[in-house]
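Let me begin by presenting the structure, written as structure tokens, before commenting on it.
The values are calculated or read from the model by the stated rules, or taken from the named source; none is laboratory data. None of the values given here were measured: they were computed from a predicted structure. So basically every Cβ, Gly included, is an ideal-geometry build from the backbone, and we count neighbours across all protein chains shown. All accessible areas refer to the heavy atoms of the entire protein, side chains included, with ligands and DNA or RNA removed. Shrake-Rupley method; radii C 1.70, N 1.55, O 1.52, S 1.80 Å.
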Amino acid sequence: MPEPNPMSETAKINLLDFNRGALEAFFVANGEKPFRARQLMQWVHQRGVTDFALMTDMSKALREFLRANCCIERPRILTRQLAADGTRKWLLGVDDNDNAIECVLIPEKTRMTLCVSSQLGCTLNCSFCSTAKQGFNRNLTTAEIIAQLHFAHHSLLAEGHPQGVTNVVFMGMGEPLLNFDAVIAAVDMMCDDFAYALSKRRVTISTAGVAPAMHNLEQVTDVALAVSLHAPNDELRDQLVPLNRKYPIGELLQACRSYIDGYRSRKITFEYVMLEGVNDGLEHARQLAALIGDIPCKLNLIPFNPYAHAIYECSSQQTIDRFRDYTAGKGIVTVTRRARGDDIDAACGQLVGAFHDRSRRSQKYQLGLKDIGGLSVAH
Ligand code: SAH
């Protein structure tokens, strides 16, 4: 163990950024045994202890080394809100520049699902999503992503919910597959037996359809995959999800097939936001059923959640039911998602956080300009 080398707080290494492999490498590089990584993960993720001094199964010298060189730094909680239906929302400050992200906990009978953000804003500019109107600032770090689970899980444990968070969905702000490495490291921790030990079926990455990254994803993990389809043909999808101009439906569905290929129990969840008079007709249902009917999948119809200045309205219940009856009649398992936490703006597409937009997209919206610009998709 090298001599402690006290550094300034900001130069300290945030161990929340490290999955097990990275932590083991860190300990080995500092003359320690790899099993220290497992010990540290249990303290931090399972017991919620972030003070190295309390990690009593480590030697005093090691604890002092960690104190001097490392930190367990989480975003600050700025606000907590509780919706009438029990949904909770946290606003988390991620730096000193007033940038903040939101994450949402959705209690159900048998599950506690946490919806996490992966980016500060989003580059994709989907026409119906309020996060899109905010523009983009930056990718979140692994620490900022896993911290959302740390907060929610330990809040639940402290309140006497022994299971804590049971499911995680990457359906908050941002496109997870455009922040690939940080998301995968966080997913590793979510599924690690020495951290949250969630089964891979209980962690869902939701993507607008970054086809090449979906192929990369299948190489490194087999978590559940949700794909935001929202339209049954390229012409309409180009308008709703501009990323479609880059990776059209054919290419996207090819990536979906490839993801589940060889896994008999695997299914893709297709998400389809119901926009009145836009994508909710019987003809759309027919096209959709023809498109995805042969892919092992589940179809999730999401009633559009309105927000200020939205240009769409939600389809009527009758229209949603008719759409569902059609696709279900074609043998596609179809579920209508219930909006949760909408009284505290915690429902899908209502997560906006607060951040400085580097893309200037928010400014264009405020000026009432139409964003016709090309895609700025970071790889
Ligand atoms: N970028 C990822 C994850 C974030 S959005 C993705 O596109 O999948 C999570 C889901 O909420 C997506 O299916 C998204 O299209 C949907 N969504 C966005 N805005 C919405 C709104 N206003 N009402 C309902 N669903 C919305």
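For the range 9-71, what is the accessible area per residue in Å² when the probe is 1.4 Å?
47 Å²
With a ≥ b ≥ c the root eigenvalues of the C-alpha gyration tensor of the range 9-71, is it rounded (a/c under 1.5), prolate (a/b larger than b/c) or oblate?
Rounded, since a/c falls under 1.5.
Taking 0.36 nm per residue of separation and subtracting the Cα-Cα distance, what length does fully extending Ser199 through Ile295 add?
Full extension from Ser199 to Ile295 adds 32.2 nm.
Please state the relative contact order of the range 27-127 as a whole percent: Cα pairs under 8 Å, 6+ residues apart?
Relative contact order of the range 27-127: 12 percent.
Given a 10 angstrom Cα cut-off, can you work out which residue in Pro303, Pro176, Pro34 is the most mobile in a GNM of the chain?
Checking each option, the largest mean-square fluctuation is seen for Pro34.
Express the relative contact order of the chain as a whole percentage, based on alpha carbon pairs under 8 Å and six or more residues apart in sequence.
After rounding, I find 17 percent.
Using a 1.4 Å probe on the protein chains only, how many percent of the accessible area of the chain belongs to carbon and sulfur?
49 percent
Quick one: among Cys71, Cys126, Cys103, which has the greatest mean-square fluctuation in a GNM of the chain with alpha-carbon springs under 10 angstrom?
Cys71
Using the heavy atoms of the protein chains and a 1.4 angstrom probe, tell me the accessible area per residue for the range 76-366 in square angstrom.
For the range 76-366, the solvent-accessible area averages 41 Å² per residue.
Could you tally the net charge around Asn137, taking each other residue with its Cβ under 9 Å from the Cβ of Asn137, Lys/Arg +1 and Asp/Glu -1?
Summing Lys/Arg as +1 and Asp/Glu as -1 gives +1.
Taking the Cα atoms only, what angle lies between the long axis of helix 317-329 and the longest principal axis of the chain, rounded to 10 degrees?
That works out to roughly 90 degrees.
Would you mind computing, in nm to one decimal, how far apart the modelled labels at Leu82 and Ala158 are, each placed 7 Å from Cα along Cα→Cβ?
That separation, rounded to one decimal, is 1.4 nm.
So how much accessible area does Val28 have, in Å² to the nearest 10, using a 1.4 Å probe?
Approximately 80 Å² of Val28 is accessible to the 1.4 Å probe.
For the chain, what proportion of DSSP beta bridges, expressed in % and rounded to the nearest 5, is antiparallel?
The answer is about 45 percent antiparallel.
Given bins 20 angstrom wide, list per bin the percent of all Cα-Cα distances in the chain, short to long.
28, 56, 15, 1
For the range 232-341, calculate the relative contact order in percent as a whole number, restricting contacts to Cα pairs under 8 Å that are 6 or more residues apart.
The normalised contact order for the range 232-341 reaches 27 percent.
Report, to the nearest 10°, how far helix 60-69 tilts away from the longest principal axis of the Cα atoms in the chain, using its own Cα long axis and a range of 0 to 90°.
Helix 60-69 sits roughly 50 degrees off the main axis of the chain.
With no solvent and one equal point scatterer placed on each C-alpha of the range 105-218, evaluate the Debye formula and give log10 I(q)/I(0) for q = 0.11 Å⁻¹, two decimals.
Here the Debye-derived log intensity ratios amount to -0.35.
How much FRET efficiency would the formula 1/(1 + (r/R0)^6) give for Val28 and His309, where r is the Cβ-Cβ distance and R0 is 45 Å, rounded to 0.05?
With a Förster radius of 45 Å, E is 0.25.
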